[in-house]
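Here the structure is laid out as structure tokens; the discussion comes afterwards.
The values are calculated or read from the model by the stated rules, or taken from the named source; none is laboratory data. This is a predicted model, so every value here is computed, not measured. FYI the Cβ positions are ideal-geometry reconstructions off the backbone, even for glycines, and counts take in every protein chain you see.
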């Protein structure tokens, strides 16, 4: 097996534990990782216990396991929330462990699975898990990081031998995760820069956003007055700082769920439910997708199933601003992985909104939050819309028109 530099892996693991989830002494940690990633997980374990973890629980996944299950197992069986799974969710709700997700999966792992079956399982199983997740949201730290996997590396660099592809992908991860030098210092500076950009946006008091591009995108969406942009490190309601995504380049918020109108075209392929879809877009009216635009019939079917999972799956829950000249986009690499590709350029997301983007969210009760017209869904799927000629005009609540993006990058 190809081996990466041990010092680098330790540095990466420390970043995930200390800056990513900011693990507290006496706190539980859950690590979700591929079975083939044990070589790296051991460093995460060591750093977690060095930081004072009370207990670390491993949740392993496998592309092969998932692929065979979707082919062979009954859909109702897969949609079940078994008693042992529910007990784990109850434990997590009571103890609020931090979570690190190590993403190395094959973008095409479910390429042979029935899209209808995937949608059915999401529709039935999703709400059962979501009722626990909603109660935990905002009360625990979590972080997603990437690690090269052979199938993923081959997808990104198909013309290279597998060891060369793995090394090339690791180089890109090192760069985008800011692992050169002192990663902890790098992330403090980067996070502060994103906070500054968010403050500039929030001070504008934006009501509407209008997106236009030569690819046919012509799209408008509104932001509730109560919403604000966030980026960089987040905070739990209890005030613990953490980095949800390593890497991240975005300033994001959630829109009024019924305000989207026009056409949005994706500018990068999307890996969704173990499939890669290309050359697609959506037509919106009064917040809802009324037409999936896709050149390939299979891709169109996958996307139509995605937006039918529940009532909120066909509405948007996020708008995110990322300059086209971001460090991730400058690599020239199409990652086929949302963690990276969403931070390459501007994107939006179908599905669940970010209630934590509400101003003074921690001081509001459920009734006050529910009055804000945000979207709710069991899914949250980002797709990229940034391009070198993307223009975004902001219309403020006091009637000013301000260009905030020009030629794909910041104009403010």
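Look at (1) part of a helix (DSSP H, G or I); (2) surrounded by fewer than 18 Cβ atoms within 10 Å (Cβ to Cβ); (3) within 18 Å of the chain's Cα centre (by Cα) and you find that residue 138 fails only one, number (1).
The conditions of being in contact with a strand residue (DSSP E or B) (Cβ under 7 Å, 6 or more places away or on another chain), in a strand (DSSP E or B) and surrounded by fewer than 21 Cβ atoms within 10 Å (Cβ to Cβ) are not met by residue 369. Scanning region 283-319 for residues that are crowded, with 18+ Cβ neighbours inside 10 Å, out of contact with any helix residue (DSSP H, G or I) (no Cβ under 8 Å at 6 or more places or on another chain) and on the phi < 0 side of the Ramachandran plot returns 284, 299, 303, 312, 314, 315, 316, 317, 318, 319. Determine if region 212-226 includes at least one residue that is touching a strand residue (DSSP E or B) at 6+ places or on another chain (Cβ under 7 Å), touching a residue at least 12 places away in the same chain (Cβ under 8 Å) and within 30 Å of residue 120 (Cα to Cα). Scanning region 212-226 turns up at least one residue that is touching a strand residue (DSSP E or B) at 6+ places or on another chain (Cβ under 7 Å), touching a residue at least 12 places away in the same chain (Cβ under 8 Å) and within 30 Å of residue 120 (Cα to Cα). Take residue 59 and decide whether it is exposed (fewer than 13 other Cβ atoms within 10 Å of the Cβ) and either touching a strand residue (DSSP E or B) at 6+ places or on another chain (Cβ under 6 Å) or part of a strand (DSSP E or B) (or both). The answer is yes for residue 59. Just one of the listed residues (221, 144, 200, 173) is closer than 30 Å to residue 87 by Cβ and either modelled with pLDDT of 95 or more or part of a loop (DSSP other than H, G, I, E, B) (or both), namely 144.
Selection over region 239-256 of residues that are assigned to a strand (DSSP E or B) and under 18 Å from residue 346 (Cα atoms) gives a count of 5. Test residue 234 against the criterion of being surrounded by fewer than 23 Cβ atoms within 10 Å (Cβ to Cβ) and under 15 Å from the mean Cα position of the chain (by Cα), and give yes or no. In short, yes.
Is it the case, given these coordinates, that residue 216 is surrounded by fewer than 17 Cβ atoms within 10 Å (Cβ to Cβ), assigned by TED's automatic domain parsing to the domain that holds residue 356 and on the phi > 0 side of the Ramachandran plot? Here the answer is yes, as residue 216 does meet what is asked.
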